[in-house]
1. Surrounded by 18 or more Cβ atoms within 10 Å (Cβ to Cβ), assigned by the TED database to the domain that holds His52 and in a helix (DSSP H, G or I), is that true of Glu93?
2. Can you name every residue in the range 52-90 that is among the small types (Gly, Ala, Ser) and part of a helix (DSSP H, G or I)?
3. Among the numbered criteria (1) closer than 17 Å to Met85 by Cα; (2) touching a residue at least 60 places away in the same chain (Cβ under 8 Å), which one does Thr215 miss?
4. Only one of (1) farther than 21 Å from Glu128 by Cα; (2) free of Cβ contacts under 8 Å to residues at least 24 places away in the same chain; (3) not acidic (Asp, Glu) fails for Lys243. Which number is that?
5. Name every residue in the range 191-222 that is open to solvent by less than 30 Å² (accessible area, probe 1.4 Å) and under 22 Å from the mean Cα position of the chain (by Cα), in order of residue number.
6. Identify, from the list Leu104, Leu75, the residue that is more than 30 Å from Ile213 (Cα to Cα) and either among the acidic types (Asp, Glu) or open to solvent by less than 80 Å² (accessible area, probe 1.4 Å) (or both).
7. Give the residues of the range 223-250 that are over 30 Å from Thr80 (Cβ atoms), charged (D, E, K, R) and surrounded by 13 or more Cβ atoms within 10 Å (Cβ to Cβ), sorted by residue number.
8. So which residues in the range 47-85 are under 28 Å from Ile205 (Cα atoms), among the acidic types (Asp, Glu) and modelled with pLDDT of 95 or more?
Amino acid sequence: SLSAAGAGGFRKRKHDSFPHGPRREGKDVNASSPVMVALQIVSFQQELDARHDKYERLVKLSRDITVESKRIIFLLHRITSTPDMEEILTESEIKLDGVRQKILQVAQELLGEEMHQFHRAITTGLQEYVEAVSFQHFIRTRSLISMEEINKQLVFTTEDSGKENKTPSSDAHDKESGTWRLRITPVDYLLGVADLTGELMRMCINSVGNGDIDTPFEVSQFLRQVYDGFSFIGNTGPYEVSKKLYTLKQSLAKVENACYALKVRGSEIPKHMLADVFSVKTEMIDQEEGIS
């Protein structure tokens, strides 16, 4: 009858409109079930733990890079004459290769990761490495090493890594060429060069103490060029750069005043007393800046 067909049709349409098959019911229940929520929380926790562990490993590597780079800088300050220069430079190059192996481990840790997410963990070590390698380069050539040259030294072959089976990453690993790389950022480079100026000022002090009156003038000219470059950047650069500009200015003033003393009175002062004159000029500059 019509009523029966209508009822049947209603029941059919009701069945079609409100499906309750076991697959859909099971999907809805599983997606919102406490078990699935708990599994998702555990998965997120494991991911966060792995990221924190990686961050801590990078911090430790950065600390090791910082310590070894400082030792290289101390070693380079031991250069007092031309005969022992090549021997110390060769030893420093061997130690720099050891630091680069640490940087290779950083590149391996950053495999498949966004470097800027972990940059805070490694920037201190990279800055100290830039300072050490640029200091060595200045002693060799009396010039500033470029960021491109530094990054060229941070390209490693697969044999250097000692690990063949790795998932390729566009940032850290090139599967076709079989190389690993880590790129120094412009901020790391600028901050490392800013710290280099302090080491050059100390180098100037040591050279004067050894009776070398040529190095202070070479350092003074170089520091003036670096200071002009940083002044050109000004406040448009990173905040840390503007903070170190004041220290750079202090180093330049001390070296220039030493050059002034050597130029005016150098001929009348015995070589063994040059360091004392330089120290007095340095103390006067510090006191004047403290008063101002």
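The values are calculated or read from the model by the stated rules, or taken from the named source; none is laboratory data. In this text the structure is predicted, and so the values were computed from the model without any measurement. Heads up, the Cβs are rebuilt from the backbone with ideal geometry, glycines too, and the neighbour counts pull from every protein chain shown. Quick note on the areas: whole protein, heavy atoms, side chains included, nothing else; ligands and nucleic acids left out. Shrake-Rupley method; radii C 1.70, N 1.55, O 1.52, S 1.80 Å.
1. It is false that Glu93 is surrounded by 18 or more Cβ atoms within 10 Å (Cβ to Cβ), assigned by the TED database to the domain that holds His52 and in a helix (DSSP H, G or I).
2. Ser62, Ser69
3. Just one mismatch for Thr215, condition (2).
4. Failing condition for Lys243: (1).
5. Leu191, Gly192, Val193, Ala194, Leu196, Thr197, Gly198, Glu199, Leu200, listed by residue number.
6. Checking each option against the conditions leaves just Leu104.
7. If the condition is that a residue be over 30 Å from Thr80 (Cβ atoms), charged (D, E, K, R) and surrounded by 13 or more Cβ atoms within 10 Å (Cβ to Cβ), then Glu240 is the only one that fits.
8. The one that is under 28 Å from Ile205 (Cα atoms), among the acidic types (Asp, Glu) and modelled with pLDDT of 95 or more: Glu68.
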